[in-house]
1. Mind listing whichever residues of the range 284-333 are among the aromatic types (Phe, Trp, Tyr) and free of Cβ contacts under 8 Å to residues at least 12 places away in the same chain?
2. Give me a count of the residues in the range 181-228 that are more than 19 Å from Gln340 (Cα to Cα), within 30 Å of the chain's Cα centre (by Cα) and in a loop (DSSP other than H, G, I, E, B).
3. Which of the residues that make up the range 185-205 are open to solvent by less than 20 Å² (accessible area, probe 1.4 Å) and over 21 Å from Arg344 (Cα atoms)?
4. If we keep just the residues of the range 235-253 that are surrounded by 15 or more Cβ atoms within 10 Å (Cβ to Cβ) and modelled with pLDDT of 85 or more, which is nearest to Leu296 (Cα to Cα)?
5. Can you give me the number of residues within the range 165-182 that are at pLDDT below 90 and open to solvent by less than 50 Å² (accessible area, probe 1.4 Å)?
6. Go through the range 292-383 and tell me which helices (runs of 4 or more DSSP H), entirely inside it, have 3 or more residues that are more than 30 Å from Lys257 (Cα to Cα).
7. Of Leu217, Leu269, Leu228, which residue is surrounded by 16 or more Cβ atoms within 10 Å (Cβ to Cβ), hydrophobic (A, V, I, L, M, F, W, C), over 20 Å from Ser368 (Cα atoms) and at pLDDT 90 or above?
Amino acid sequence: MCPHLVLLVLLVLLVLLVLLALLVLLVLLVLLVLLEPLALLVLFVLLVLLALLVLFVLLVLLVLLVLLVPLVLLKAYSRKWCCSIMWRRQLFGGRAGLCHLPGFSWSLASTWLFLIFGIYQCTGPGPTLDVVLSGGCVQKGVDIVEQCIYSLGDHSTYLRFNRAPCDRLLAFLKEYFDPEDPGQPEYSLSIEEGVDGARLSHPHQRQYTFVLQSMTLWREVLDNMFQLWHLAEEDLLDEEQLYQLADTGQGHQRVQKSPRSVIAMQKILQKVQRKVGGWIGSSTVHLGDHNVPNSLMFIDKYTQVPRFLGPLVLTLDKIPVLSSSSPGMKAYVDSFGGAQRLQRIILADFFRHAFDGSGADNFFDAGSCIDGRLTSAWNWCSSIERKS
C-alpha cells in the first residue's frame with residue numbers, strides 16, 4: 001500500500017468530519033430560531049450526541065494518522081529500498097540516505113518517529129523541535145530508524161527465501177492434485193503401512209489433507225521464526241528450567257524443558273487447525289524429550305525445511321526451462337511424458353513418501369506427530385538417490 005495514499009485518505013476523512021461538524025452546528029443555530037421549545041430541546045440533545053460521536057471518530061482518525069502512517073512509511077520504504085539503495089551519510093546536519101528517497105518528507109517523518117514514538121535518544125535537557133530537525137540530536141534517531149528499516153528488510157528477505165518454498169509447494173498441491181479424485185493411479189497420494197517403508201495408511205483424500213496441513217504448519221512456523229527464535233533463547237537461558245546431560249540416542253544432548261516455545265508452537269498449531277479445518281494424526285509437540293532435547297534443536301529442525309524444500313521447488317521450476325534448452329534435453333524430458341507429467345510424478349512421490357511416517361525405529365518417534373512429519377521428509381530426501 002502506498003504510504004502517500006494512506007495519508008491522503010486519512011486527511012480527506014478528517015476534512016469531511018470537520019465539515020460535518022460545522023454543518024451540524026449550523027443546523028442547530030437555524031433550528032434554535034424556528035422550532036418550539038420542547039421539540040427544540042429534544043433535537044438539541046440529539047444533535048449534541050451526534051456532535052460527540054463525530055468528535056470521537058475525529059479523535060480516532062487523528063490517532064490513526066499519528067500512529068499508523070509512520071509504520072506504513074517504514075514498511076514501504078524498507079521493502080522498496082533496503083536491498084537496493086546504499087545508504088549515504090552527509091556530515092552536515094547528521095542526516096542519512098533516508099532523506100534522499102523520492103517522495104520522503106524528512107521533517108514530517110522525523111517529527112512522527114522521533115517526537116511521538118520517542119525513537120531518538122538524547123542526553124541532557126529535552127531538545128526543541130527546531131533543534132531536532134536541524135540535526136542536534138537527530139543523528140542518533142536516524143541510526144535507530146535506519147536499523148529498524150534494515151531489520152524490516154531482513155525480515156522480508158528471510159520470508160522470501162524461507163517461507164516461499166512452502167507457498168510454492170502448497171500451490172503445486174492444489175494445482176496438480178484433486179482432494180477427491182486422484183485420477184490416474186500414478187498420481188494417487190494413497191499410502192499403505194508396510195509398503196515402500198510407510199508407517200501410515202491413508203487413502204488419497206486423507207493423505208491430501210495430511211500433506212496440506214503439514215506444509216501449512218511448516219509455513220506458519222517459518223512465518224513466526226523470529227519470534228520462536230527469541231523464545232527459544234529465553235528458554236535456553238531460563239534459570240528455573242535446568243537442563244540434564246543425557247544420552248538421547250543421538251549422542252549426549254542437553255535435555256531441557258522449553259515452556260515458552262511449547263506454548264508458542266501450540267498457538268501456531270491451533271491457528272493452522274482453524275485454517276485447514278480439523279487435524280489428521282497426532283498433534284503432539286516433542287520438545288524437551290529424547291526426540292527434541294531443547295529449544296535450540298527445535299529451531300534447528302525447522303530451519304532445515306527451506307533447505308530441502310528449496311532445491312525441490314527449484315528442480316520443479318527448471319524442468320520446463322531445461323526441456324526447451326536443447327533437443328537432447330527435450331527428448332529426455334519427453335521420455336517421462338513431458339515437463340508437466342514429470343513435475344507431477346516428482347510431486348506425487350514427495351507428497352506420498354515425505355509424509356508417510358517413516359524415518360525412525362518406532363511409530364512414536366516418527367509417525368504422524370508434529371516432529372515426525374519432519375523426520376519423514378528428511379528420510380525422503382536421504383533416499384532420493386535410490387529412487388528409479
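The values are calculated or read from the model by the stated rules, or taken from the named source; none is laboratory data. None of these values were measured; they are calculated from a predicted model. Every residue, glycine as well, gets a Cβ built from its backbone with ideal geometry; the counts of neighbours run over all protein chains shown. For accessibility, only protein heavy atoms count, side chains too; no ligands or nucleic acids. Shrake-Rupley method; radii C 1.70, N 1.55, O 1.52, S 1.80 Å.
1. So in the range 284-333, the residues among the aromatic types (Phe, Trp, Tyr) come out as 298, 302, 308, 332.
If the condition is that a residue be among the aromatic types (Phe, Trp, Tyr) and free of Cβ contacts under 8 Å to residues at least 12 places away in the same chain, then Tyr332 is the only one that fits.
2. Result for the range 181-228: 1.
3. Leu200
4. Initial filter on the range 235-253 (surrounded by 15 or more Cβ atoms within 10 Å (Cβ to Cβ)): 235-236, 238, 241, 243, 248, 253.
Checking the rest, the ones that are also modelled with pLDDT of 85 or more come to 235-236, 238, 241, 243, 253.
On the way: Asp235: 9, Leu236: 8, Asp238: 13, Gln241: 14, Tyr243: 13, Gln253: 11 Å.
Among them, the one singled out is Leu236.
5. Residues meeting the conditions: 1.
6. Working: elements: 295-303, 305-323, 327-334, 339-353, 370-382.
The helices (runs of 4 or more DSSP H) meeting that bar are 305-323, 327-334, 339-353.
7. On the way: Leu217 fails: over 20 Å from Ser368 (Cα atoms); Leu269 fails: over 20 Å from Ser368 (Cα atoms).
The conditions single out Leu228.
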